[in-house]
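Trainee: Following this message is one structure expressed as structure tokens.
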Amino acid sequence: MDDGGCFVNSEESRTQPAKRWNSLLLLLVVFVGFLVFGFSENSKGPALPGMQEDFALDEWQIGLLLSLNSLGYLLACSFTIVLTNKLGLRFAMLLAFGSMAVSGVFMFLSHSYAALSASYFLMYIGNGILEIGLALLTARIFIKNTGMMMNLSHFFYGLSSVVAPLFASMLMGVHLFDMTLSWGGMYLIMMSLSIIPMIPALFAAFPRDTVAVEDRVSYASYMKDPAAWLIVGILSFGVISELAVGGWLVNFLEKAYDWTPTAA
């Protein structure tokens, strides 16, 4: 009896550091993931005037570019749960971060409106996968102090959302190797940050979904719930406001009031 108890205790003592290390890796994935998400979502405002000037785009083409972004985001949100169920949450997170990093390279190399649109579309595919992936991961790991930890996670998104336009404007004016980084170099650097959370994602053990199939709410029941439609409406208007302000406001202030990119 005593020997068995000692054996169990020794096993627990060996697994506790491993569990703490894995928890730290998962927290890094979440927090740095939200930072990168904020950078990718809120860098387009300062970049749009430069894109418009370089490719001689009219307002309709800019609007179409932003619409394609939202389409990629919508598509990613629709298939990510299937992707996660089939290949796992780790694969989905690595795919999200990898897509965002590659899109930055493609944007830097874009020399036409079509190439730029395709690059933006890829970036928002990654953003959509990341949005769902982070939501699933936080729901699985924040089982204690859930509200506080969710607030802390979104604090990192809010922080990067505040810093991103300023940082993007600063990078676009940097001169390096006898050239100005402009919006292409800015996106190359910003999206390269997606590689950072890939490192803990590679080594962390991701938790599985513990909800039994019989406990899940059916789509039919969900569609009949007024609270569900209220949430859909709130999120829809929230996203519309975010995309409108983040995508158009800087461009508008520069064109209508002759503000500098940094001031806008």
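Trainee: So what J values fall out for region 159-172 if you push phi through Karplus, 6.51 cos²θ - 1.76 cosθ + 1.60 with θ = phi - 60°, rounded to Hz, Gly and Pro as x?
Mentor: Ordered by residue, 3J(HN,Hα) equals 4, 5, 5, 6, 6, 3, x, 5, 5, 5, 4, 5, 5, 5 Hz.
Trainee: Mind checking which of 102, 92, 117 is farthest towards the positive end of region 31-152's charge dipole, using Cβ charges of +1 (Lys, Arg) and -1 (Asp, Glu) about the Cα centre?
Mentor: Of the candidates, 92 comes out farthest on the positive side.
Trainee: If you place +1 on the Cβ of every Lys and Arg, -1 on the Cβ of every Asp and Glu, and leave all else neutral, what size is the dipole of region 133-264 about its Cα centre, to the nearest 20 Debye?
Mentor: Here region 133-264 has a charge dipole of around 320 debye.
Trainee: Continuing with the same structure: When only Cα pairs under 8 Å and 6 or more residues apart are kept, what is the percent relative contact order across the chain?
Mentor: 32
Trainee: Between residue 102 and residue 220, what is the spin-label point distance in nm, taking each point 7 Å from the Cα along the Cα→C-beta axis?
Mentor: 4.0
Trainee: While we're looking at this one, here's another question. Given the Cα-Cα distance of residue 64 and residue 255 and 0.36 nm per residue of separation, how much length would full extension add, in nm?
Mentor: Full extension from residue 64 to residue 255 adds 66.9 nm.
Trainee: Quick one: divide the alpha-carbon radius of gyration of region 97-223 by 2.2 N^0.38 Å and tell me what you get.
Mentor: 1.34
Trainee: Along its three principal axes, how long is region 38-165 when you only count alpha carbons? Whole Å, largest extent first please.
Mentor: For region 38-165, the Cα spread along each principal axis is 52, 33, 23 Å.
Trainee: Cα axis of helix 182-192 to longest principal axis of the chain: angle in degrees, 0 to 90, nearest 10?
Mentor: 10
Trainee: Scaled to the compact-protein estimate 2.2 N^0.38 Å, what is the alpha-carbon radius of gyration of the chain, rounded to two decimal places?
Mentor: 1.17
Trainee: What is the distance, in nm, between label points placed 7 Å from the Cα along the Cα-to-Cβ direction at residue 91 and at residue 230?
Mentor: Going by the 7 Å Cα→Cβ label model, 3.9 nm.
Trainee: Just to make sure I understand: if all protein chains stay in place, what is the order of 183, 229 by accessible area at 1.4 Å, largest first?
Mentor: Of 183, 229, the descending order of accessible area is 229, 183.
Trainee: Taking 0.36 nm per intervening residue step and subtracting the Cα-Cα distance, what contour gain separates residue 151 from residue 174 on full extension?
Mentor: Fully extending the segment from residue 151 to residue 174 adds 4.9 nm.
Trainee: Each residue of region 111-128 in turn: what ³J(HN,Hα) in whole Hz from Karplus with 6.51, -1.76, 1.60 and θ = phi - 60°, glycine and Pro shown as x?
Mentor: 10, 8, 5, 5, 5, 5, 4, 5, 5, 5, 4, 5, 4, 7, 4, x, 4, x
Trainee: For the ranges 138-151, 158-171, 89-102, what's the packing order if you count other beta-carbon atoms within 10 Å of each residue, average per peptide, and put the highest first?
Mentor: Answer by packing, highest mean first, reads 89-102, 158-171, 138-151.
Trainee: Same structure, new question: Quick check for you: with a 1.4 Å probe and neighbouring chains kept, what is the accessible area per residue of the chain, in Å²?
Mentor: 57
Trainee: Same structure, new question: Show which lysines lie in cross-link reach of residue 255 when reach means a straight Cα distance below 23 angstrom and same-chain residues fewer than eight apart are skipped.
Mentor: By straight Cα distance, residue 255 reaches 44.
Trainee: Got a sec to turn the phi values of region 78-93 into Karplus ³J(HN,Hα) couplings, 6.51 cos²θ - 1.76 cosθ + 1.60 with θ = phi - 60°, whole Hz, x for Gly and Pro?
Mentor: 7, 10, 5, 5, 5, 4, 5, 5, 7, 10, x, 5, 4, 4, 4, 5
Trainee: Hey, another quick one. Given 0.36 nm per residue, what is the gain on full extension from residue 144 to residue 237 after removing their alpha carbon distance, in nm?
Mentor: Result for the pair: 30.4 nm of gain on full extension.
Trainee: Okay, moving on. Please give the net charge around residue 46, taking every other residue with its beta carbon less than 15 angstrom from that of residue 46, where Lys and Arg add +1 and Asp and Glu add -1.
Mentor: Computed value for this residue: -2.
Trainee: Just the number, please: Stokes-Einstein D of region 27-101 in µm²/s, Kirkwood Rh from C-alpha pairs, 20 °C, 1.002 mPa s.
Mentor: In µm²/s, the coefficient rounds to 149.
Trainee: Given Cβ point charges of +1 (Lys, Arg) and -1 (Asp, Glu) and nothing else, what value in debye, to the nearest 20, does the dipole of region 34-116 about its Cα centre take?
Mentor: 540
Trainee: Given the DSSP H assignment, sum -39500 (n - 2.57) over each helix run of at least 4 residues in the chain and divide by its residue total; what's the result at 222 nm in deg cm²/dmol, nearest 500?
Mentor: When only DSSP H runs of four or more count, the value is -28500 deg cm²/dmol.
Trainee: With +1 on each Lys and Arg Cβ and -1 on each Asp and Glu Cβ, and nothing else charged, work out how big the dipole of the chain is about its Cα centre, in Debye to the nearest 20.
Mentor: Roughly 480 debye for the chain.
Trainee: Which of the peptides 110-118, 127-135 is most tightly packed, and how do the rest follow, going by the mean number of other Cβ atoms within 10 Å of each residue?
Mentor: Highest to lowest by the protection proxy: 127-135, 110-118.
The values are calculated or read from the model by the stated rules, or taken from the named source; none is laboratory data. Computed from a predicted structure; not experimentally measured. Here the Cβ is made from the backbone with ideal geometry for all residues, glycine too, and neighbour counts use every protein chain on show. Note: areas computed on protein heavy atoms with side chains; ligands, DNA, RNA excluded. Shrake-Rupley method; radii C 1.70, N 1.55, O 1.52, S 1.80 Å.
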